[in-house]
């Protein structure tokens, strides 16, 4: 019963330094992740962002960095304001020639109560992220 | 206190119990024999699992069998899928971002 652990791997056609910057620099994070007021890859640094299924239904995500190994590993806690439970997200980078393998691990989501998770229903999340990806990808392809 | 499936799987022993009885129903003694912790402790976990609706206890003659309720687990699977989808979307966006970045860098170095 390990299905509450999410582990995804993705090979990026970019050197490890570029991927590290993309996951730790707030200006780059804004382009693909979340628009944060500030981000510092330092243990103990806290940040927050809102995300949710619609404009009316937004959830405050609270995160605190717990592990930083430059160019190798970044881990932070991930929880929801007003809900019990805590999860951890880690990004691990591995050089594969001039490409980079990113392993994303999200553990502890089983600690969130059902009430909170209903708010993050698949269709809800999908609607928001589909728009972001399709629009940004489309813009990118049309520019090329 | 209301219990739900997420509380059930929050504990490693309870996850192991579910794993054990997932493929076949087992009597309570057989379940307990698989663990180093005390019989009362196992009983407590099983009680929580039944309260969460993940297990039902069926009496067959003198024996009591644990049977898993897979329908309840679907709830978990869907929920994990939500996060998987979310992260896959994010990694797609990261891929696009990195491609764009290397593209603009190449443009700069060419000009």
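Taking region B:18-60 on its own, how many of its residues are assigned to a helix (DSSP H, G or I) and more than 27 Å from residue A:83 (Cα to Cα)?
Adding up the residues that qualify gives 15.
Could you figure out which of (1) within 12 Å of the chain's Cα centre (by Cα); (2) within 13 Å of chain B (Cβ to nearest Cβ); (3) at pLDDT 90 or above isn't true of residue A:15?
Unmet condition: (1).
Could you please give the count of residues in region A:22-52 that are buried (at least 18 other Cβ atoms within 10 Å of the Cβ) and either more than 12 Å from chain B (Cβ to nearest Cβ) or modelled with pLDDT of 95 or more (or both)?
3
Quick check on region B:19-51: of everything there that is within 14 Å of chain A (Cβ to nearest Cβ) and touching a strand residue (DSSP E or B) at 6+ places or on another chain (Cβ under 6 Å), which residue is surrounded by the most Cβ atoms within 10 Å (Cβ to Cβ)?
Across region B:19-51, the extreme among qualifying residues is B:49.
Please count how many residues of region A:92-104 are surrounded by fewer than 19 Cβ atoms within 10 Å (Cβ to Cβ), touching a strand residue (DSSP E or B) at 6+ places or on another chain (Cβ under 9 Å) and either within 12 Å of chain B (Cβ to nearest Cβ) or not in a strand (DSSP E or B) (or both).
3
Could you list, in sequence order, the residues of region B:24-72 that are farther than 20 Å from residue B:4 by Cα and in contact (Cβ under 8 Å) with a residue 40 or more places away in the chain?
Across region B:24-72, the qualifying residues are B:25, B:26, B:65.
Can you name every residue in region A:69-85 that is surrounded by 15 or more Cβ atoms within 10 Å (Cβ to Cβ) and closer than 15 Å to residue A:47 by Cα?
A:74, A:75, A:76, A:77, A:78, A:79, A:80
The values are calculated or read from the model by the stated rules, or taken from the named source; none is laboratory data. All values reported here derive from a predicted model rather than from experimental measurement. When we count neighbours, we look across all protein chains shown, and the Cβ atoms used for this are built from the backbone with ideal geometry, even at glycine.
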